[in-house]
Structure formats: structure tokens, C-alpha cells
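The values are calculated or read from the model by the stated rules, or taken from the named source; none is laboratory data. The structure presented is a predicted model; accordingly, all values stated were derived computationally and were not measured. Here Cβ is always computed from backbone atoms with ideal geometry, including for glycine, and neighbour counts include all displayed protein chains.
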Amino acid sequence: MILRFSARLKIKTIFAANRLIPGIPNDTALMELCPAGEGAADDRIVALARSGDLVVSRDLPLAERLVDAGVTVLDDRGRVFTKENIHSLRSLRDFAVGLAKNGLETIRTDSYGKKDLASFANSLDRELSRLRGRASGSA
């Protein structure tokens, strides 16, 4: 879906990971192959991202770093992370991780479905439109 939006809107898209992603690179997408290691891909994403960019990630520590740097971030379920919600979401995530480390069961997210995909597509479209409007000076 990200590749379709990228091609349709003719915007450069960068995928950063510590392994190759099939189908990338192509005409509008580049692949940043990051070294293996804890946080290497996250660090590269933070280094590449600028205000006016959009990052898709469900990694809350990464999202927090990016939002604090003025980057728009949404997850693959369409939730937009903002300065108003990221810190409380990160606290909840850290609490759940702490529970799990101490052997306590935590509530898992439901499997990914059509509603999640639709919500992601709507959020992606809305946020890209907002950012493109801002870049052209109309927002």
C-alpha cells in the first residue's frame, strides 16, 4: 500500500531495515540497509527523517523520538502519534513490557484485519494530504 501511494503521488519513499525488503528498490522507493544491532535501523530512520516527513512504525520508542523531532508518525493500524499522545502511549508500553519481563501476562493486540488496513489507508491518505498541503503553503 505504501508503494502504491508513493507511486501515485510521486513521492520519494525510504525503507530502512536491517534486512532487504522484497520489491524495493523501485522507481519511487529506496532501501536503506542498516547494520545489524540493537536500534541501528531506528537510529538511521531518526537520522534521515525531517519535519514534514511521514514515518510508519509501530515501535513506540522510535515513534516518540520522531514525534519529539517534529516528524509525523503513524502505525500500520492508522493510529497517528502526536505530541499529545505519544508519551502516555510509551508509558503504557513500558509498563506492559515490565509486566511481561516479570512473567505476568499482558493483553495482546488483536490480529491485523480489513478494518485495520482501511484505517491505515485512510490515515496515510489524510496525513500525506496534510503534509503536502503544508509543503505547498496551503495549510
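Being farther than 23 Å from A47 by Cβ and either surrounded by fewer than 16 Cβ atoms within 10 Å (Cβ to Cβ) or of a type in the set (S, T, Y) (or both) is the filter here; which residues of the stretch 71-88 pass it? Correct list: E84, N85, S88. The condition of being in a loop (DSSP other than H, G, I, E, B) and either modelled with pLDDT under 90 or touching a Leu at 6+ places or on another chain (Cβ under 7 Å) (or both) holds for only one of S123, S111, that being S111. When you scan the stretch 92-106, do you find a residue that is touching a residue at least 24 places away in the same chain (Cβ under 8 Å), part of a loop (DSSP other than H, G, I, E, B), surrounded by 11 or more Cβ atoms within 10 Å (Cβ to Cβ) and of a type outside the set (V, I, T), even just one? Scanning the stretch 92-106 turns up no residue that is touching a residue at least 24 places away in the same chain (Cβ under 8 Å), part of a loop (DSSP other than H, G, I, E, B), surrounded by 11 or more Cβ atoms within 10 Å (Cβ to Cβ) and of a type outside the set (V, I, T).
Of the residues that make up the stretch 61-70, is at least one surrounded by fewer than 17 Cβ atoms within 10 Å (Cβ to Cβ) and of a type in the set (V, I, T)?
No, the stretch 61-70 has no match at all.
If R77 passes every condition in (1) under 16 Å from the mean Cα position of the chain (by Cα); (2) assigned to a helix (DSSP H, G or I) but one, which one does it miss? Unmet condition: (2).
When P61 is tested against the conditions (1) touching a strand residue (DSSP E or B) at 6+ places or on another chain (Cβ under 9 Å); (2) in a helix (DSSP H, G or I), the lone failure is (1).
For the structure I just gave you, tell me whether L128 is surrounded by 11 or more Cβ atoms within 10 Å (Cβ to Cβ), out of contact with any strand residue (DSSP E or B) (no Cβ under 7 Å at 6 or more places or on another chain), assigned to a helix (DSSP H, G or I) and not assigned by TED's automatic domain parsing to the domain that holds K10. No. The residue that is surrounded by the fewest Cβ atoms within 10 Å (Cβ to Cβ), counting only those in the stretch 23-52 that are assigned to a loop (DSSP other than H, G, I, E, B) and in contact with a strand residue (DSSP E or B) (Cβ under 7 Å, 6 or more places away or on another chain), is P25.
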